[in-house]
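Structure first, then comments.
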Amino acid sequence: MPTTRCPIRVLLLEDNSADAALLRALLAESPGASSITLHVERRLSDGISRLQESRFDVVLLDLGLPDSQGMETLRQLKAQIHGIAIVVLTGLADEAIGLEAVHRGAQDFLVKGEVDARVLIRIIRYAIERQQAQRSLQESQDRLALAIDVADLRTWDWDLQTGKVVGSYCPTGDAATSRLDRVTDFSSFFSYVHTDDREENNKKIADAMENQRDYQNEMRIVWPDGTTRWVQVKGRFFYNGHRKPIRMIGALVDLTEHKRAEEAMKRHADEVMHLARVSLMGQMASGLAHELNQPLGAIVNYASVVLMQLEAGKAPAPITMQAIQEVIKETRRAGSIISRLRSFVSKQDPRRGMTSVRQLLEETLHLLAFELRHQQIRPAVNLADDLPLVLADAIQIEQVLINLIYNALEAMDGANSPVRNLSVEAGIDPENTTHAFISVIDSGPGVEPEHMRKLFDAFFTTKKTGLGMGLNICRTIVESHGGRLTARRNPTGGMCFTLTLPFKEVGDP
Amino acid sequence: MNTQPTVYIVDDDPGMCASLRMVMEAAELKAQTYGSGEDFLDDWKANRLGCVVLDLRMRGIGGIEVMQRLRAQNDEMPVIIISGHVDVVTAVRGVKLGAIDILQKPFRTSELVAHVRHMLELSIEQHGRREELIDIRERMNRLTAREADLLRLVVAGLSNKQIAVEMGISIKTVANHRANLMEKTHALNAADLARMSVIAGILPDHV
């Protein structure tokens with residue numbers, strides 16, 4: 001240990017010269033005496049001055065000095081000189097005083113005349129060691145306290161055997177979370193958890209306890225005055241020899257402001273996505289109007305058939321009935337085009353749910369029916385069998401797919417190429433089997449290699465008209481679903497855009 | 001020969017396709033539907049009696065291309081193109097491909113039926129001409145070399161006397177050959193013979 005090699009500087013505060021001489025003699029004959037230097041002061045004030053001037057490792061303190069007596073001597077020394085190891089010297093009958101001194105911050109005490117050189121040097125060394133250990137513990141506690149303060153954390157220590165909880169005291173904390181400090185047992189803490197979050201929280205605690213994992217949760221806490229706060233909690237269990245949890249320490253951070261900002265951001269992002277969708281619908285409007293003309297045209301035809309029958313004075317025949325049934329069917333079809341359009345532009349809150357990829361593709365191709373017909377493209381749809389449902393907001397993913405297919409159609413239209421193939425493929429992502437992939441592949445001229453890296457950047461566009469926000473928003477949408485949107489050039493020409501979507505909530509076990 | 005002409009409906013919108021078929025059936029016309037240009041072309045047979053009602057814009061092969069492929073196979077079957085919007089270029093391309101009608105959606109059903117009936121008549125007429133052509137060619141093929149030479153001189157408007165000089169035979173022989181020629185070709189007179197020659201392509205039609 002470094003302390004054994006470095007010279008030990010000892011300051012002896014002792015007004016009795018005989019006692020001082022005795023100690024000096026003892027030190028001189030102790031092992032390693034050559035590395036010990038001893039200074040003696042008779043008065044406390046002189047000792048303090050000495051300690052302020054130069055560095056000492058330990059003070060041997062006689063409590064009875066000319067300028068100070070008893071515990072007051074220790075108190076004064078400690079008050080003026082921080083962090084020095086103190087060993088109190090006591091008389092024969094004063095063991096009780098020695099113990100009191102230790103209680104008040106002395107590292108040790110020794111009874112004058114009862115120590116030999118070996119014991120003395122051991123007491124001195126241990127005192128120094130303990131002092132250093134104490135100091136580093138104090139420093140790490142200071143650092144922890146600072147960190148807790150800066151991070152605005154609350155900590156707790158839950159004794160599972162007694163049910164008692166000790167919360168951290170944080171004077172700078174806001175009113176809501178500092179209430180935690182008043183919580184003294186865990187069941188009352190849990191009574192503050194928002195009723196909607198309680199079941200999940202209990203599950204998470206039980207799960208952590210059982211699987212010896214850290215407990216972690218984000219939940220709402222409702223205080224008796226009705227204020228709701230979002231908190232993030234993390235706890236760790238300690239177990240006894242029988243793997244029975246006996247203690248849990250944890251920290252809690254108030255996420256309310258963070259959540260609010262997050263929600264504002266999300267609302268903002270949803271707004272942008274919605275605007276992009278409205279603008280996309282603007283591009284598709286005339287096409288959709290034409291699309292609506294298909295069932296309307298069919299309805300006219302069927303109605304004319306009925307009219308012809310009536311004009312000819314014929315009795316209702318199977319063909320009349322059938323025509324009327326077809327009118328109903330086609331009217332429904334027209335209705336579904338309109339409702340598809342409405343839900344696409346409506347400003348509803350994004351809703352994630354288990355969604356069929358096949359249905360996503362069908363809806364998308366329905367919305368793009370006119371564009372496909374107009375460009376005389378029949379997309380090859382290649383869908384893996386038994387593809388599980390994905391967790392997605394159907395409208396937002398349709399928005400992405402429409403963007404991708406629109407881009408593909410545009411690319412091939414400009415190319416004027418004789419081969420205009422569009423294919424859509426979907427299956428389980430081979431690179432990440434917790435996700436499905438959907439690829440949109442065209443046979444257009446492809447993106448210039450030098451543009452590939454900027455493809456998803458905001459305001460990057462190679463089109464004459466266009467803001468350059470389409471792919472950027474698409475990527476935002478896909479990533480907000482926990483998926484990825486990537487682009488690559490096909491070896492045979494054209495582009496392949498692939499998006500992935502999780503089969504379940506990302507982060508779920 | 002199937003005598004009832006058929007309306008071939010090609011539209012990739014199933015509702016449109018089915019409703020047009022019913023319209024045709026209500027008008028007591030025979031109809032057949034195809035969901036794509038490809039399906040129609042796959043089923044194609046030469047010289048059928050009827051007309052095509054063709055959607056301009058379809059996924060895959062579009063209306064104009066279907067027409068081009070028909071014409072490339074010398075099928076002159078009349079075509080009615082229906083479309084949500086017809087631009088001038090498309091209209092011109094269509095017209096250049098011949099025997100065409102263009103109906104813009106939305107159209108009156110009765111209007112379509114009238115157009116279809118007209119086109120079916122056209123088809124029957126075409127068919128009649130085609131039959132006659134085959135007939136005439138067959139008759140022409142039965143002519144001897146001498147009779148064929150005589151034919152060219154007759155339709156050129158030469159008299160028997162002039163022909164006799166031209167061919168170096170007697171007027172009587174010319175008259176005999178001429179009688180045979182008229183009998184073999186079933187021509188009523190020299191003018192009828194000329195008409196047949198034009199149809200058969202023996203004579204350019206500006207003569």
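Quick one: in the stretch B:9-50, which of the residues that are outside any loop (DSSP other than H, G, I, E, B) and in contact (Cβ under 8 Å) with a residue 60 or more places away in the chain is nearest to residue B:128 (Cα to Cα)? The residue in question is B:50. Here is the figure for the stretch B:9-34: residues that are surrounded by fewer than 19 Cβ atoms within 10 Å (Cβ to Cβ) and either over 19 Å from residue B:112 (Cβ atoms) or within 14 Å of chain A (Cβ to nearest Cβ) (or both) total 3. Is the stretch A:375-385 home to any residue that is modelled with pLDDT of 90 or more and out of contact with any strand residue (DSSP E or B) (no Cβ under 9 Å at 6 or more places or on another chain)? No, every residue in the stretch A:375-385 fails to be modelled with pLDDT of 90 or more and out of contact with any strand residue (DSSP E or B) (no Cβ under 9 Å at 6 or more places or on another chain).
Against the condition over 29 Å from residue B:129 (Cβ atoms) and either more than 12 Å from every other protein chain (Cβ to nearest Cβ) or without any contact (Cβ under 8 Å) to a residue 24 or more places away in the chain (or both), how does residue B:116 come out, does it pass? Answer is no for this residue. Please specify each residue of the stretch A:338-362 satisfying the condition of being assigned to a helix (DSSP H, G or I) and farther than 20 Å from residue A:502 by Cβ. A:338, A:339, A:340, A:341, A:342, A:343, A:344, A:345, A:362, listed by residue number. When restricted to residues that are surrounded by 14 or more Cβ atoms within 10 Å (Cβ to Cβ) and either within 14 Å of chain B (Cβ to nearest Cβ) or assigned to a helix (DSSP H, G or I) (or both), the stretch A:246-278 contains 9. Considering the conditions (1) over 28 Å from residue A:278 (Cβ atoms); (2) basic (Lys, Arg); (3) more than 9 Å from every other protein chain (Cβ to nearest Cβ), residue A:329 is excluded by exactly one of them, (3).
Yes/no per residue for (1) touching a helix residue (DSSP H, G or I) at 6+ places or on another chain (Cβ under 8 Å); (2) within 18 Å of residue B:13 (Cα to Cα):
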residue: A:276; (1), (2): yes, no
residue: A:279; (1), (2): no, no
residue: A:285; (1), (2): no, no
residue: A:289; (1), (2): no, yes
residue: A:296; (1), (2): yes, yes
residue: A:299; (1), (2): yes, yes
residue: A:304; (1), (2): yes, no
residue: A:309; (1), (2): yes, no
residue: A:315; (1), (2): no, no
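Sub-7 Å Cβ pairs linking a first residue in the stretch A:477-504 that is charged (D, E, K, R) to a second residue that is in a helix (DSSP H, G or I), at least 6 apart or interchain, are A:484/A:478, ordered by first then second residue.
Any residue that is charged (D, E, K, R), surrounded by fewer than 13 Cβ atoms within 10 Å (Cβ to Cβ) and either in a helix (DSSP H, G or I) or modelled with pLDDT under 90 (or both) - is there at least one of those in the stretch A:12-25? There is no residue in the stretch A:12-25 that is charged (D, E, K, R), surrounded by fewer than 13 Cβ atoms within 10 Å (Cβ to Cβ) and either in a helix (DSSP H, G or I) or modelled with pLDDT under 90 (or both). Inside the stretch B:62-113, residues that are away from chain A (no Cβ under 14 Å) and over 23 Å from the mean Cα position of the chain (by Cα) make up a count of 2. May I ask you to list the residues in the stretch A:82-105 that are closer than 19 Å to residue A:16 by Cβ, crowded, with 20+ Cβ neighbours inside 10 Å and touching a residue at least 24 places away in the same chain (Cβ under 8 Å)? Listed by number, the residues that qualify are A:86, A:87, A:88, A:89, A:90, A:101. Test residue A:355 against the stated conditions and say whether it is under 26 Å from residue B:62 (Cα atoms), more than 14 Å from chain B (Cβ to nearest Cβ), in contact with a helix residue (DSSP H, G or I) (Cβ under 7 Å, 6 or more places away or on another chain) and modelled with pLDDT of 90 or more. No, not satisfied.
The values are calculated or read from the model by the stated rules, or taken from the named source; none is laboratory data. Values in this document were obtained by computation on a predicted structure and should not be read as measured data. Counting neighbours? That spans all protein chains shown, and the Cβs are built from the backbone with ideal geometry, glycine included.
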